[in-house]
Amino acid sequence: MQVEGFFEGLGEALGRAIRFIVDMLSGVLGAMADAIDDFLHGLARAIGMDVSIFSIILLIIGLLFLFSGARSLLRGSIIGGVIWLFLGLIVMGWLIR
């Protein structure tokens with residue numbers, strides 16, 4: 001009987017430790033998710049676009065086009081830079097209301 005009480009107490013202690021770790025991680029990950037959500041809403045409100053995964057993907061593509069255009073212009077490729085910048089501005093124009 002004494003052994004059963006020991007293992008029951010050990011299992012309870014281990015269960016409490018696991019529960020504490022899960023609750024702590026849940027709080028941290030929930031706070032990070034809220035921060036990311038607030039960041040994306042603020043970014044979308046400042047730009048004037050909708051908050052959706054499609055809009056975020058288009059924003060990233062448009063910024064990559066603009067970055068590629070700037071890099072092309074710095075390398076001396078005028079025509080390629082203008083084309084990349086034009087494509088980036090078209091994509092960014094679709095997003096901004």
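The values are calculated or read from the model by the stated rules, or taken from the named source; none is laboratory data. All figures in this text were calculated on a predicted structure; none of them were measured in a lab. Please note: Cβ atoms are built from the backbone with ideal geometry, for glycine as well, and neighbour counts cover all protein chains shown. For the accessible areas, the whole protein counts, side chains as well, though only heavy atoms, and no ligand, DNA or RNA atoms are used. Shrake-Rupley method; radii C 1.70, N 1.55, O 1.52, S 1.80 Å.
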Q. Within the accessible area of the chain, what % is carbon and sulfur when the probe is 1.4 Å and the other protein chains stay in place?
A. 74 percent
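Given a Förster distance of 35 Å, report the FRET efficiency between R75 and L29 from their Cβ-Cβ distance, rounded to the nearest 0.05.
The pair R75/L29 has a calculated efficiency of 0.25.
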**Q.** the chain: most fluctuating residue of L58, L43, L14 per GNM, C-alpha cutoff 10 Å
**A.** L14
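Tell me, what is a quarter of the convex hull surface for the C-alpha atoms of the chain, in nm² with one decimal?
Values: hull surface 40.1 nm².
Taking a quarter of the hull surface, the average projection is 10.0 nm².
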Q) Can you tell me the accessible area per residue over the chain, all protein chains present, probe 1.4 angstrom, in square angstrom? A) 78 Å²
